[in-house]
Each structure stands twice: as C-alpha cells, then as structure tokens.
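Working notes, beginning with the structure itself.
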Amino acid sequence: AGKALNEKKAEIRIQFKEAPAAAFMFGVDVPRNELVLRMQPNEAIYMKTNVKSPGFSNEPIQSELEVNYNTRFKENINPDAYTRLILDVLRGNHAAFVRADELKVSWEIFTPLLKALENRESPPIIYMQGSRGPAEVDKFIGHDYKR
C-alpha cells in the first residue's frame, strides 16, 4: 500500500522459501509459493503454488487456490471498507478504532519522526508518481526478495 503508485491496492504477500533442489529436479527456475491476502480492491485470499503439469510432463506450473469474496459470496452485499467503517460508527462498534492509550503511544513513536522530517534530518525518499514506489524498498526488504 502507498500513495501515487502504479496500482491502487492494499495487500499482503507472503513469499515462501524456494523449494530445495527444485531447479535441479525440473531443470528450470521454479517460482516461489506465495500467499496473498488482498484487502482492496476486490477482497480475496489466494495461494499461488507450484504443481506438476497434468499428463506425462514433469514441467512445474503455477496454480492458484482462491477465495474471491465477490464471486464466492454473490448473494451477499459486500460494501467497501469506508461504508463498513461508517456502519461501525453508527452501530457504536469500536473494534476498528484505536483506543486512547494506543493513540498516545502512536504519537510518542511518530512525533520524533515527523520532527526529523520537518527539520530535514531525514528527508523522504522521492519516487516517480505512478511507479511501483522507491527502489530503496527492494534493498530494505533484502536480497531474498524476488519479483
């Protein structure tokens, strides 16, 4: 998730370690298995996993096991996140909101960061609007990350 990126989405992607000896067994690079939790747009949970292609071939192919809320729960109205949030306010449900003590600790954490930004001690990393975001993110994630 971010601002002014090339896609509007919020999701969590968990990439699993490479299968040991997969490249040796299949003679090709095998993509990592991946669990994706997409919050918006179009809420979904899916697992990208490598399976042996059908028939006599030993070639691995990537397949998805998916639960897409819009197709799985067609008979139900599935409002967007802001509609649900407003409904929670009207119902008096506070579960989606922070407590006062959480808010206080959040400001204790972020106030020094905001002051550093204001004083230009730690300038923000600029990236082109519509891109995937700053290249430094890949370095931050580390060498194990593969696109």
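The figures follow:
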{"quantity": "18 Å Cα-Cα reach of Lys8 towards aspartates and glutamates, excluding residues that sit fewer than 8 places from it in its own chain", "calculated": "Glu43, Asp80"}
{"quantity": "For Met39, net neighbour charge (Lys/Arg +1, Asp/Glu -1) across residues whose Cβ lies under 10 Å away", "calculated": "0"}
{"quantity": "Pairwise centroid distance, computed over Cα atoms, of the range 91-107 with the range 117-133, Å", "calculated": "28"}
{"quantity": "Debye, to nearest 20: dipole size of the chain, +1 on Lys, Arg Cβ, -1 on Asp, Glu Cβ", "calculated": "140"}
{"quantity": "Over the range 40-147 - Rg/Rh using Cα atoms and the Kirkwood inverse-distance radius", "calculated": "1.11"}
{"quantity": "Most mobile of Glu108, Glu136, Glu59 in a GNM of the chain (Cα contacts under 10 Å)", "calculated": "Glu108"}
{"quantity": "Helix-derived mean residue ellipticity, 222 nm - over the chain, DSSP H n ≥ 4, -39500 (n - 2.57), to 500", "calculated": "-8500 deg cm²/dmol"}
{"quantity": "The chain: angle of helix 81-91 to the longest principal axis, Cα-based, in degrees nearest 10", "calculated": "50"}
{"quantity": "Among the listed pairs Lys48/Lys115; Lys17/Lys115; Lys9/Lys139; Lys17/Lys74, those beyond 30 Å (Cα-Cα)", "calculated": "Lys48/Lys115; Lys17/Lys115; Lys17/Lys74"}
{"quantity": "Charge sum, other residues only, whose C-beta stays under 13 Å from Phe110's C-beta, Lys/Arg counted +1 and Asp/Glu -1", "calculated": "-1"}
{"quantity": "Accessible-area composition of the chain, carbon plus sulfur, in percent [1.4 Å probe]", "calculated": "60"}
{"quantity": "Under 19 Å from the Cα of Lys52 - aspartates and glutamates, other chains or at least 8 residues apart", "calculated": "Glu18, Asp29, Glu34, Glu64, Glu66"}
{"quantity": "Dipole of the chain, positive direction: furthest Cα of Asn58, Phe24, Ile125, with charges on the beta-carbon", "calculated": "Ile125"}
{"quantity": "Average accessible area per residue (Å²) across the chain - probe 1.4 Å, nucleic acids and ligands excluded", "calculated": "85"}
{"quantity": "Among Asp101, Asp88, Asp80: highest mean-square fluctuation, GNM of the chain, C-alpha pairs under 10 Å", "calculated": "Asp101"}
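The values are calculated or read from the model by the stated rules, or taken from the named source; none is laboratory data. Owing to the predicted nature of the structure, the values given are computational and were not obtained by experimental measurement. A quick note on method: Cβ atoms are made from the backbone with ideal geometry, for glycine too, and the neighbour counts reach across all protein chains shown. Each accessible area value is taken on the protein alone, full model and side chains, heavy atoms only, with ligands, DNA and RNA left out. Shrake-Rupley method; radii C 1.70, N 1.55, O 1.52, S 1.80 Å.
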